[in-house]
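Visitor: Mind having a look at this structure? Questions to follow.
Read-outs throughout are calculated quantities, based only on the coordinates presented, and are distinct from any laboratory measurement. Predicted model, so just to flag it, every value in this text is computed and none were measured. Note that we place each Cβ from the backbone using ideal geometry, even for glycine, and neighbour counts take in every protein chain shown.
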Amino acid sequence: MSELNMHVKNQHDCSRWTKDYQRLIESDHKIPCMGAFGHCNRRENDPPLVDHIHLNCLEVHVILKGTQVFYVDGSRYQLAGNQIFLTLPNIVHSSGGTPQLRAEFYYFQLNPIDHKKILGLDAPHTRALVKELYDIHGHVFKGNSTVNALIAGAFHNLSVRDENLRCCAQAQIVTFLHMLCDIAKKSEAPVSTPFAVDVCRYINEHLTDEISLDSLAREFGYSLSHFKSKFRAETGITPMHYINREKIELAKQLLTQGISVTDTAMRLNFNSSNYFSAVFHRFTSSVPSEWQRRGMRQKNQQD
C-alpha cells in the first residue's frame, strides 16, 4: 500500500472524543453520505497534516478562530476565523510541513459521488446541489456568524443522536452548502478591509520595533478594547496573534541566515530569549536552534 493510500486509511486513527477534539463517524451520525464530522478546539500544536485525500468525499473546514494552513496543488492557503476552506473529492491536500496550529474549527466530509440522494434530499434536488458544488472554483471563501452557527448547530444536533434532531442537522448542512454555493457565485473570497490592510501593513513595517497594542490603538484612533475587537472581527485573529505570527515568519529568515537565537530575539524586540523560544515553538513546534540547524543544512545542500 502506498504512503498516500495508507494515510487515507488511517487518517482518523485517533481519539474520537476529548476536551479539545470531538469527531462523529457514520456509526454515530447515521448519515450514509457523510464521512467524519468533527469539532476541534486545538490548544496545542499538532504534527503537520501529510498529503492525503478523502476518497470520493469533498471536505469543508469552517474556521472560527486561530490560524490554519493548507497546501493544494503547490499553493499555500492561510486561513483565519470566519473563513471557509473547501476541497472537492479526491484532491490531495496537506499542511505542507507546517504544524497544525492552535485553532477552533468544524469540518465535515460529504460523499456526493456514491449516493444518488444525500442529506434527506430527493434525487433531483441532490443532482442540483451537487452540480452547484462542483461548479465552485477556488478553495477559500468568506464565512460569517450565520454559517458558523449552522455548522455548530448541526454538529450539536448529531451529537445528541436523536432522530428528529438528525433530520434537523441534515437540513442545517443543506442550508450551509447552499449558502456556500451562493458565496462562491458572488466571488466572496476573503477580502481584507482598508482598516485591516492598514494595520497589518503598519505592523509588518515595524516588526523590529517594540509594538504594543496600546500604541497601535492610539496610532489608528481607537480605544484599546475597540481596536482589539475590530481587528479580530475583520481578520479572524487577535492583533497580538498577528504580530507574533509575522515576527516568527521574519525570525525564520534571520535564523536561516545564521543570525544567533539571542540576536534574532533582540532584533525582533522579544523580552527574552526564553520568551522568544516559547513563541517560536507555538508557531512552528520547533525551538529556534533546531529550526536554524535544519534550515542551514538544507541551504548548504542546495548550494
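Visitor: Going by amide H atoms built from the backbone, whose H comes under 5 Å of the H on Ile237, apart from near neighbours?
Guide: Gly81
Visitor: Given H placed on each backbone N at 1.01 Å, which residues far from Cys57 in sequence or on other chains put an amide H within less than 5 Å of it?
Guide: So Cys57 has HN proximity to Asn90.
Visitor: Helix 288-302 versus the longest principal axis of the chain: what angle, 0 to 90°, nearest 10, using Cα atoms?
Guide: The helix 288-302 is inclined about 90 degrees to the chain.
Visitor: In addition: Using the Karplus curve 6.51 cos²θ - 1.76 cosθ + 1.60 with θ = phi - 60°, work out ³J(HN,Hα) for each residue of the stretch 172-182 in order, rounded to whole Hz, and write x for Gly and Pro.
Guide: Taking θ as phi minus 60°, the curve returns 5, 5, 4, 4, 4, 5, 5, 5, 4, 4, 5 Hz for the stretch 172-182.
Visitor: Right, next: Tell me, Tyr242, Tyr71 in order of fewest to most beta-carbon neighbours within 10 Å?
Guide: Working: Tyr242 21, Tyr71 18.
Placing the least packed residue first, the sequence is Tyr71, Tyr242.
Visitor: Given the -39500 (n - 2.57) contribution per DSSP H run of 4+ residues, what per-residue ellipticity at 222 nm results for the chain, rounded to the nearest 500 deg cm²/dmol?
Guide: Numbers: 12 runs with 146 residues, N = 303.
So the calculated ellipticity at 222 nm is -15000 deg cm²/dmol.
Visitor: Sticking with this one: Within the stretch 171-239, report the GluC sites (Glu not before Pro) that DSSP leaves as loop and that have at most 11 other Cβ atoms within 10 Å.
Guide: In loop regions of the stretch 171-239 (DSSP not H, G, I, E or B), the sparsely surrounded GluC sites (Glu not before Pro) are Glu210.
Visitor: Over 19 Å between Cα atoms: which of Lys116/Lys185; Lys142/Lys230; Lys65/Lys142; Lys19/Lys228; Lys186/Lys230; Lys117/Lys185 fall into that group?
Guide: From the list (Lys116/Lys185; Lys142/Lys230; Lys65/Lys142; Lys19/Lys228; Lys186/Lys230; Lys117/Lys185), the Cα-Cα distance tops 19 Å for Lys116/Lys185; Lys19/Lys228; Lys186/Lys230; Lys117/Lys185.
Visitor: Let me ask something else about it. Taking semi-axes √(5λ) of the Cα gyration tensor in Å straight from the coordinates, which label in (i) 37, 24, 17; (ii) 34, 28, 23; (iii) 41, 19, 16 is the correct one?
Guide: From the options (i) 37, 24, 17; (ii) 34, 28, 23; (iii) 41, 19, 16, the structure gives (i).
Visitor: Hey, could you pull the Cα Rg and Dmax for the stretch 194-302, both in Å?
Guide: 15.3, 50
Visitor: If the chain between His226 and Ala171 were fully stretched, how many nm would it gain, using 0.36 nm times the residue separation less the Cα-Cα distance?
Guide: Residue separation times 0.36 nm, minus the Cα-Cα distance, leaves 16.1 nm.
Visitor: Given the C-alpha atoms of the stretch 14-162, compute the convex hull and give its volume per residue in Å³.
Guide: Working: hull volume 17.0 nm³, N = 149.
It is 114 Å³ per residue.
Visitor: Counting other beta carbons within 10 Å of each residue's own, what order do Arg267, Arg102 fall into, fewest first?
Guide: Arg267, Arg102
Visitor: Taking the 0 to 90 degree range and rounding to the nearest ten, how far is the long axis of helix 194-205 tilted relative to the main principal axis of the chain, both from C-alpha atoms?
Guide: The answer is roughly 40 degrees.
Visitor: Counting other beta carbons within 10 Å of each residue's own, what order do Thr208, Thr264 fall into, fewest first?
Guide: Thr208, Thr264
Visitor: For the stretch 105-119, what does the Karplus curve 6.51 cos²θ - 1.76 cosθ + 1.60, with θ = phi - 60°, yield as ³J(HN,Hα) per residue in whole Hz, taken in order and with x for Gly and Pro?
Guide: Whole-Hz 3J(HN,Hα) from phi for the stretch 105-119: 7, 10, 9, 8, 10, 10, 9, x, 9, 8, 10, 7, 10, 10, 6.
Visitor: With a cut-off of 8 Å between alpha carbons and a minimum separation of six or more residues, what is the relative contact order of the stretch 105-211 in percent? If you can, show how the numbers build up before the last one.
Guide: On the way: 63 pairs, mean separation 30.2, N = 107.
Once divided by the residue count of the stretch 105-211, the mean separation gives 28 percent.
Visitor: Could you work out the local net charge near Ile91, counting Lys and Arg as +1, Asp and Glu as -1, over the other residues with Cβ closer than 12 Å to its Cβ?
Guide: -3
Visitor: Right, another one. Eigenvalues of the Cα gyration tensor times 5, then square-rooted: what semi-axes does that give for the stretch 241-297, in whole angstrom, largest first?
Guide: In descending order the semi-axes read 15, 12, 10 Å.
Visitor: Continuing with this model, one more query. Sequence gap at least 6, Cα distance under 8 Å: using those rules, report the relative contact order of the chain to the nearest whole percent.
Guide: For the chain, the relative contact order is 15 percent.
Visitor: Nearest 10 degrees is fine. How inclined is helix 224-235 to the longest principal axis of the chain, computing both from alpha carbons?
Guide: Roughly 50 degrees between the two axes.
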